[in-house]
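Notes for the one structure printed next.
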Amino acid sequence: MSDEIELKLALSSEGPALLVDHPLLRTLTSRTVALGNQYYDTADSALRSRRVALRVRRQGERRLQTLKSAAESHGGLSSRGEWEWSIDDAACNAAGLDLDGLGELDHPALSGLDLETLRPVFTTDFERRLWHYRDDRCDIEIALDQGGIHVGAATLPICELELELKRGDPARLGTLADALCAPTDGAGEALPARPANHSKASRASRLASGWPEPTIPPVDSVDTLIDAIDTWQDSRSPAWLANAEAQCQRLVQRWTRDGDAPCRGAGERILADLRRGVAPWRGQDWLTLRQRAGSETDR
């Protein structure tokens, strides 16, 4: 098992071209791979209810089977357990799964589950462009994903930037994200980005089952605001937009009372976008909120 630590940013449709042209990335070598992913669950969504995801990934002639625990996501930064192995030489069942390898994991989420009942439920197919950023303090994989999530005839777009920590302090993910979101040469166009807490698998699950009605969270936080915007962007529900706007307004009021000018300014700009029904692609403002307000849920 390995722990996957990454920072995810959703991008607008203009984001990929701006990212690829960023001066920092122009100095790095990149490669592009096509990834096809089939996810599995039982008819009653047992894996989803137990907060794990099972997939088989196709990359060229290779096939990898992966079990992932649910991510703990805060401000786009997530950490989760991951078990992955090649099934190229495995004896797979008719659904394409290596059940023997899955059983050998002895994972608690699989306890008492009839593995033969696992079936395909959705796919994610995307192109991934990869760069590696290294210095004396960190090694970070930069991935630009573009493609789609497919549940039957229903689809959602994939357009996101993932920074995965391979070595070093997780705080370096935020430092690199801030550099990528900044206007190039101090005067160019900023990267249109925002943190995203929902994984591709969780987005697909909502596409399959439908999105819940919004509720007033017990305490507003940067994370509950991000979650509301994630859900609004995928569901296009006016109720979720109103929920995000109300949360953002309450946060701005709190930061005003606290005398936190940087958070208040960032929150006001995000709120202005929400009031216009526009996605707040304000990467540097969001990173300000991540760094200063974090995922605080009290007060």
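Can you name the residue in region 36-49 that is of a type in the set (A, V, I, L, M, F, W, C) and surrounded by fewer than 20 Cβ atoms within 10 Å (Cβ to Cβ) and, of all such residues, is nearest to ASP135 (Cα to Cα)?
ALA46
Pick from GLY147, GLY112, GLY152: which is exposed (fewer than 13 other Cβ atoms within 10 Å of the Cβ) and under 30 Å from ARG236 (Cα atoms)?
On the way: GLY147 fails: exposed (fewer than 13 other Cβ atoms within 10 Å of the Cβ); GLY112 fails: under 30 Å from ARG236 (Cα atoms).
Within the list GLY147, GLY112, GLY152, the selection yields GLY152.
Being of a type outside the set (A, V, I, L, M, F, W, C), modelled with pLDDT of 90 or more and in the same structural domain as ARG31 (by TED's automatic domain parsing), is that true of even one residue in region 68-76? Spell out the reasoning first.
Of all residues in region 68-76, those of a type outside the set (A, V, I, L, M, F, W, C) come to 68-69, 72-76.
This time we only want the ones that are modelled with pLDDT of 90 or more, so: none.
No.
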(message) Here's a check for you: in region 187-227, which residue that is of a type in the set (Asp, Glu) and assigned to a loop (DSSP other than H, G, I, E, B) is nearest to CYS248 (Cα to Cα)?
(response) ASP220
(request) Scan (1) assigned to a helix (DSSP H, G or I); (2) at pLDDT 95 or above; (3) under 23 Å from LEU144 (Cβ atoms) for the single condition GLN253 breaks and write down its number. (result) (3)
(request) Could you run through region 176-215 and say how many residues are at pLDDT below 90, more than 30 Å from ALA154 (Cβ to Cβ) and of a type in the set (A, V, I, L, M)? (result) 2
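So, of the residues in region 215-231 that are among the hydrophobic types (A, V, I, L, M, F, W, C) and farther than 9 Å from LEU274 by Cβ, which turns out to be surrounded by the most Cβ atoms within 10 Å (Cβ to Cβ)? First the steps, then the outcome.
So the first thing to find is which residues in region 215-231 are among the hydrophobic types (A, V, I, L, M, F, W, C), and the list is 216, 219, 222, 225-226, 228-229.
Restricting the remaining residues to those that are farther than 9 Å from LEU274 by Cβ gives 216, 219, 222, 225-226, 228.
Details: ILE216: 11, VAL219: 11, VAL222: 25, LEU225: 29, ILE226: 26, ALA228: 24.
Among those that are among the hydrophobic types (A, V, I, L, M, F, W, C) and farther than 9 Å from LEU274 by Cβ, it is LEU225.
With the condition kept exactly as written, say whether any residue in region 84-103 is of a type in the set (Phe, Trp, Tyr), modelled with pLDDT of 90 or more and closer than 23 Å to ARG203 by Cα.
Taking region 84-103 as the starting set, the residues that turn out to be of a type in the set (Phe, Trp, Tyr) are 85.
Applying the additional criterion that residues be modelled with pLDDT of 90 or more yields 85.
Filter once more, so that each one left must be closer than 23 Å to ARG203 by Cα: none.
No.
For region 22-60, enumerate the residues that are in contact (Cβ under 8 Å) with a residue 40 or more places away in the chain and under 18 Å from the mean Cα position of the chain (by Cα).
So in region 22-60, the residues in contact (Cβ under 8 Å) with a residue 40 or more places away in the chain come out as 22-25, 28-43, 45-48, 50-56.
LEU35, GLY36, ASN37, GLN38, TYR39, ARG48, ARG51, VAL52, ALA53, LEU54, ARG55 - these are the residues of region 22-60 that are in contact (Cβ under 8 Å) with a residue 40 or more places away in the chain and under 18 Å from the mean Cα position of the chain (by Cα).
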(request) Could you run through region 1-15 and say how many residues are surrounded by fewer than 20 Cβ atoms within 10 Å (Cβ to Cβ) and either without any contact (Cβ under 8 Å) to a residue 40 or more places away in the chain or within 20 Å of the chain's Cα centre (by Cα) (or both)? (result) 7
(message) For region 136-186, which positions are of a type in the set (Gly, Ala, Ser) and part of a strand (DSSP E or B)?
(response) ALA143, GLY147, GLY148, ALA154, GLY168
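Conditions tested, residue by residue: (1) closer than 21 Å to LEU102 by Cα; (2) modelled with pLDDT of 95 or more.
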{"position": "LEU7", "(1), (2)": "no, no"}
{"position": "ALA10", "(1), (2)": "no, yes"}
{"position": "PRO23", "(1), (2)": "no, no"}
{"position": "ARG58", "(1), (2)": "yes, no"}
(message) Residues to consider are VAL20, VAL33; find the one that is more than 30 Å from LEU67 (Cα to Cα) and surrounded by 12 or more Cβ atoms within 10 Å (Cβ to Cβ).
(response) VAL20
(request) Would you please list the contacts, defined by Cβ atoms under 9 Å and residues six or more apart or on different chains, that run from a residue in region 128-143 that is assigned by TED's automatic domain parsing to the domain that holds ARG58 and surrounded by 14 or more Cβ atoms within 10 Å (Cβ to Cβ) to a residue that is hydroxyl-bearing (Ser, Thr, Tyr) and not in a strand (DSSP E or B)? (result) TRP131/THR29; CYS138/THR175
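The values are calculated or read from the model by the stated rules, or taken from the named source; none is laboratory data. Small disclaimer: the values here were computed from a predicted structure and weren't measured. So basically every Cβ, Gly included, is an ideal-geometry build from the backbone, and we count neighbours across all protein chains shown.
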